[in-house]
Structure formats: C-alpha cells, structure tokens
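Worksheet for the structure shown next.
The values are calculated or read from the model by the stated rules, or taken from the named source; none is laboratory data. Note that the structure is a prediction, hence the values are computed from the model and not measured. Virtual Cβ from ideal backbone geometry, glycine too; neighbours counted across all protein chains shown.
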C-alpha cells in the first residue's frame, strides 16, 4: 500500500521537495495553527480546571464555547497541512511509529473534544455529573495538546 501511495504522490513529493518556500510555508502554517488552536484550547482547558476552585464554571464554559471556532479552524489547518507534509514523504511516514503515535493522539483528541463539547452543554446544572466529566475532559485535552506538540517536535527532528 505504501508503494501505491508513493507512486500516486510522487509528483507532489517532487514539487514539495523542490520548492523550499512552499515546504517552509506549509510547515509554518502547521506550527502556527498548532500554536493558535492548541494555545486557545489549553487556555480554555485551564479556565475550566481552575473554575472548580473559584466557582466560575459557567464563565469557563462560556469561554470554551466562544473559543471553539478558533480551535476548530486551526485544527482544519493542522489537518490539511499535516496531510500535505505526510504525502510529501509517504515512504517515511507510513512506517514511522512516531507519526502513527501522533495520529493516535490526534484521534484521542478528537474523541475527547466530542466529550468536552457534550459535557460543556450539560454542565450548567449544579453538581451535575457532567461537571466532573467536563473537568476530566479538560484535563485530558490539555495533556493531549501538550503530547501532540511534543510528538510534533520529534517528528520535525526525525523527518
């Protein structure tokens, strides 16, 4: 399968490899989106986590909802640029344990994002089990974003 993908993507790979301005722009957009999306998500997660001590959960949930568009838009950029980078060297990425570990972390982040969104919708009720789910999902989100940044750093070195 990797050889079929490699043949299909060989023209993209050649173009990407021979146009440094393009490859640097794509990598930069990937990193910038990671900083903006991940930074916004981490700020929202932190707000939820600290709200359990301050009693300001409703404010934290509002902040999380308002930041959702920014996180989703950045995530789309991350996926598109990540796909373009992966397709530029299918032979390397298709067998990279580090790459697939990062993809697993991204899949977990997406699943946790669904739980986070659902918990945010239902957490308004006082002492609701959804509040505990929201806090747990925020903690997991924060850890996953940091782990993805860490894996991304290693992938840049390994690639």
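No other residue among 71, 48 is touching a helix residue (DSSP H, G or I) at 6+ places or on another chain (Cβ under 6 Å), surrounded by 18 or more Cβ atoms within 10 Å (Cβ to Cβ), in a helix (DSSP H, G or I) and at pLDDT below 95 apart from 48. Pairs are defined by a Cβ separation below 8 Å, a sequence spacing of at least 6 or placement on different chains, a first member in the stretch 91-119 that is at negative phi and assigned to a loop (DSSP other than H, G, I, E, B), and a second member that is at pLDDT below 95 and surrounded by 15 or more Cβ atoms within 10 Å (Cβ to Cβ); the pairs so defined are 94/5; 96/155.
When 77, 135 are checked against the criterion of being assigned to a helix (DSSP H, G or I) and within 16 Å of residue 42 (Cβ to Cβ), 135 stands alone in meeting it.
Against the criterion of being under 22 Å from residue 16 (Cα atoms), free of Cβ contacts under 8 Å to residues at least 40 places away in the same chain and surrounded by 14 or more Cβ atoms within 10 Å (Cβ to Cβ), residue 86 qualifies. When each of 96, 126 is tested for being over 12 Å from the mean Cα position of the chain (by Cα), surrounded by 16 or more Cβ atoms within 10 Å (Cβ to Cβ) and either modelled with pLDDT of 90 or more or more than 29 Å from residue 12 (Cβ to Cβ) (or both), the lone residue that passes is 96.
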